[in-house]
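Read through the structure below, which is laid out as structure tokens, and then see the notes.
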Amino acid sequence: MSNTTPLLDVSGLTKHFPIKGGFPIRRTVGAVQAVDGLDFQVAEGESLGLVGESGCGKSTTGRLITRLMEPTGGKITYRGQDITHAGRKELAPIRSEIQMIFQDPYASLNPRQTVGKIISGPMEINDINPEGGREKRVRELLEIVGLNPEHFNRFPHEFSGGQRQRIGVARALALQPKLIVADEPVSALDVSIQAQVVNLLQKVQRELGIAFVFIAHDLAIVRHFSQRVAVMYLGKIVEIADREDLYENPRHPYTRALLSAVPEATVDEEPRERIRLAGDVPSPINPPSGCRFRTRCWKATEKCATEAPPLVQVEGNKPGHLTACHYPETTETVPAPRLSKDPEAAA
Amino acid sequence: MTPPTPSQATPLEVTDEDSAASAKPATLKGTESRSPGRLAWTRFKRDRTGVISAFVVIFFFVAGICAPLIAKVYGKDPYTTYGQNDPSLLNDFSYPAGPNGGMSGDFWFGIDPQLGRDVFTFLLYAIRNSLLISAATTLLVAFFGVVIGLTAGYLGGKTDYFVGRIIDILLAFPQTLFFIGFWPVMLTILVSPDEATPTWLIVVSLITVMTAFGWAPIARLLRGEVLALREREFVEAAKVTGASPARIIFKELLPNLWTPILIQATLALPAYVTIEAGLAFLGVGLSDPTPDWGVMVQNASKFYQGDITYMLFPGVTMVIFVVAFNLLGDSVRDALDPKAGR
């Protein structure tokens, strides 16, 4: 990471959803701790991958950054400006710079609007009049995302899932954002289409220099797309590192377990040892004390139950590689570095 | 670990999917598009019952709107007491002298007993007045229902709670009893007892009171629809770009709600026709010299043992109209919402 101010700086971000109950007077009886103290930065033009199991708070994080939800605590700073609790009017100038791509291409496009209207909507709202008119800009955007510009007047139901997602990308690009939060942008698509959309996003990221927060549960896609990867578990980041570092030298037991679960594509090599995690993810209403992963960790001790491990650069980590674990894995315990394309990097 | 490697295929250029899609506009010319509305229209045109009912309904509306014109061409008006002016038209018991309620080349639908007014023009004006009142009520009900329902659904929280309770009370309220019980009281407050109640006041108050009770079901229905829609991602997408709540409600949500609004309105209108006629029959609302379906039925009920034709015309026309409009409503629903199929 550079020394200059990062594009997005998130510190101690927390979101608790209150649970109401009781009769006759309803009161808050508990909270779902969806996101509990996240710290990370996104540099300009960088892509940060956010991985984790279902329900670990990835999507909530995305919605907090884009301010679709009000954070319970913590701080979100965009280019040095605190936007944690900014209202709609204060956010207006920033809205155009932080955009979002949604998971479900069937729900994220208004079925009653034409593609042209969907893509020009953001420009209309922010009163942007590009040279040559909005329609020309929409055609350009359609071309950028690989759709026929003549499809301007069509309705979303006339497109396939992959094409719809491209329309979603075009809408996000309409305001020339600096940061795009992509909330599982390909998980609702066919595998054959996923790669197309990911490559499109990659092209966009490289050519337009847009920073991404890429939320996904597919490790392969995150590896393909993100320079830096954060692994989340139960509302907390357990490990964050540069891509190669994380995939070749995972220090947190959970990261290792996740990586070992990625299916193999090569047949001629010996099967790799798989770490099977026992049990389910504990409820975020009542998360385990200390380290949240300890209930499923094979290394857990007394210390893990009493003391929450801080997210720090543990011994043996490269700079920028932070792990939240009392007993980090060592390189030797990593099975043959088959995850790497370049075996020497793992040494 | 397998990074996806489809890049050789240069997916951004031409893929099967894209070429299949770009083959179509060659014939459709790209600009031509099948909007959801147009698709519904195509489906509607295929529905024979719907098209026939639509023609019947349009016929009634045209007849109502053109009533003065038709009356002029026909050469009679609904107020002249032809039977009194020409004693040969009524017999000693003040019933029409001719057969079938006095139907003849001069009086196509006959004349009414006692006063001997022309039934045809009276019926035309009755249709005109009934449709005017019910159409105005439907429009107002739809308007208030939409505005209140959308607001309550979108804002949620306390607003939603209070609107919900008001709707509960209105739905539980015995409407007809209210009309019969409070109507005369209301009018005596507005009009001094020694002068006649002006017709416009009756019409306006009728529409007002029916609207006051009528918006509740539509508002409740739309509130539910909005609750489902506002969690959709396209609403979030609009929020992310900084759209105001007003824009989200009217530009994003409302276009998705035309289907239930249209369906509710087409089902509400015939209901108001019957309610209005029922009230007139009960002596609330429009009364005798003013032509109205309910007034005609009320008059006819005094004579139908001696002269059934007089009852037949308002009764049959009203049944035809209400049945046709209800069938039209069903067809509109089927066309707009094909998944709801029966």
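The values are calculated or read from the model by the stated rules, or taken from the named source; none is laboratory data. Computed from a prediction, not measured in an experiment: that's the story for all the values here. All Cβ positions, even for glycine, are placed from backbone atoms using ideal geometry, and neighbour counts span all protein chains on display.
The criterion of at least 2 residues that are within 34 Å of the chain's Cα centre (by Cα), crowded, with 16+ Cβ neighbours inside 10 Å and hydrophobic (A, V, I, L, M, F, W, C) is met, among helices (runs of 4 or more DSSP H) falling completely within segment B:62-118, by B:67-74.
With respect to A:Val169, is the statement that it is crowded, with 20+ Cβ neighbours inside 10 Å and assigned to a loop (DSSP other than H, G, I, E, B) true? When the stated conditions are applied, A:Val169 does not pass them. Considering segment A:86-124, and only residues there that are surrounded by fewer than 23 Cβ atoms within 10 Å (Cβ to Cβ), over 14 Å from A:Arg166 (Cα atoms) and aliphatic (A, V, I, L, M), the residue that is farthest from the other protein chains (Cβ to nearest Cβ) turns out to be A:Ala86. Counting only helices (runs of 4 or more DSSP H) that fall entirely inside segment B:170-260 and contain at least 3 residues that are among the charged types (D, E, K, R) and within 22 Å of the chain's Cα centre (by Cα), the qualifying elements are B:199-229. Of everything listed in (1) in contact (Cβ under 8 Å) with a residue 24 or more places away in the chain; (2) surrounded by fewer than 17 Cβ atoms within 10 Å (Cβ to Cβ); (3) part of a helix (DSSP H, G or I); (4) more than 8 Å from chain B (Cβ to nearest Cβ), the single unmet condition for A:His157 is (4). Contact map, segment A:280-300: residues that are among the β-branched types (Val, Ile, Thr) paired with residues that are not in a loop (DSSP other than H, G, I, E, B), Cβ distance under 6 Å, separation 6+ or inter-chain. Pairs shown: A:Ile285/A:Gly30; A:Ile285/A:Val32. Has segment A:264-286 got any residue that is within 18 Å of A:Gln313 (Cα to Cα) and assigned to a loop (DSSP other than H, G, I, E, B)? Within segment A:264-286 (the criterion being within 18 Å of A:Gln313 (Cα to Cα) and assigned to a loop (DSSP other than H, G, I, E, B)), the answer is no, since none of the residues qualifies.
List the strands (runs of 3 or more DSSP E) that sit entirely inside segment A:185-258 and contain at least 2 residues that are within 14 Å of chain B (Cβ to nearest Cβ), buried (at least 22 other Cβ atoms within 10 Å of the Cβ) and within 13 Å of the chain's Cα centre (by Cα). Because the criterion is at least 2 residues that are within 14 Å of chain B (Cβ to nearest Cβ), buried (at least 22 other Cβ atoms within 10 Å of the Cβ) and within 13 Å of the chain's Cα centre (by Cα), the strands (runs of 3 or more DSSP E) in segment A:185-258 that meet it are A:211-216. Taken over segment A:5-46, the criterion of being farther than 24 Å from A:Arg292 by Cβ, touching a residue at least 12 places away in the same chain (Cβ under 8 Å) and either acidic (Asp, Glu) or part of a loop (DSSP other than H, G, I, E, B) (or both) is satisfied by A:Thr5, A:Pro6, A:Leu7, A:Ala43, A:Glu44, A:Gly45, A:Glu46.
Out of A:Leu91, A:Leu141, one residue alone is under 26 Å from the mean Cα position of the chain (by Cα) and more than 22 Å from A:Val10 (Cα to Cα). It is A:Leu141.
In the set (1) more than 7 Å from every other protein chain (Cβ to nearest Cβ); (2) surrounded by 23 or more Cβ atoms within 10 Å (Cβ to Cβ), B:Leu221 fails one condition alone, (2).
Residue-level check: of (1) surrounded by fewer than 24 Cβ atoms within 10 Å (Cβ to Cβ); (2) in a loop (DSSP other than H, G, I, E, B), A:Cys291 misses just (1). Of everything listed in (1) touching a residue at least 40 places away in the same chain (Cβ under 8 Å); (2) more than 9 Å from chain B (Cβ to nearest Cβ); (3) farther than 25 Å from B:Arg232 by Cβ, the single unmet condition for A:Thr61 is (3).
Residue pairs whose Cβ atoms lie under 6 Å apart, sitting 6 or more positions apart in sequence or on different chains, and linking a residue in segment A:140-153 that is facing another protein chain (nearest Cβ under 9 Å) and under 9 Å from A:Gly116 (Cα atoms) to a partner that is in a loop (DSSP other than H, G, I, E, B) and hydroxyl-bearing (Ser, Thr, Tyr), are A:Asn153/A:Thr114; A:Asn153/B:Thr31; A:Asn153/B:Ser33. Residues in segment B:249-259 that are crowded, with 19+ Cβ neighbours inside 10 Å and at pLDDT 85 or above were compared, and the one that is nearest to B:Trp293 (Cα to Cα) is B:Leu257.
If we scan segment A:71-85, do we find a residue that is out of contact with any Phe, Trp or Tyr (no Cβ under 9 Å at 6 or more places or on another chain), over 21 Å from A:Leu201 (Cβ atoms), within 12 Å of chain B (Cβ to nearest Cβ) and not in a loop (DSSP other than H, G, I, E, B)? Checking segment A:71-85: not a single residue is out of contact with any Phe, Trp or Tyr (no Cβ under 9 Å at 6 or more places or on another chain), over 21 Å from A:Leu201 (Cβ atoms), within 12 Å of chain B (Cβ to nearest Cβ) and not in a loop (DSSP other than H, G, I, E, B).
Among the residues of segment B:67-96, write down those that are within 19 Å of B:Phe303 (Cα to Cα) and among the polar types (S, T, N, Q). Result: B:Thr81, B:Gln84, B:Asn91, B:Ser94.
Could you look through segment B:255-265, keep only residues that are at the interface with another protein chain (Cβ under 9 Å from one of its Cβ atoms) and of a type outside the set (S, T, N, Q), and pick out the one that is farthest from B:Gly145 (Cα to Cα)? The extreme case among them is B:Pro255. Looking across A:Arg171, A:Arg206, A:Arg166, A:Arg134, one residue alone is touching a helix residue (DSSP H, G or I) at 6+ places or on another chain (Cβ under 8 Å), charged (D, E, K, R) and more than 27 Å from A:Gly57 (Cα to Cα). It is A:Arg134.
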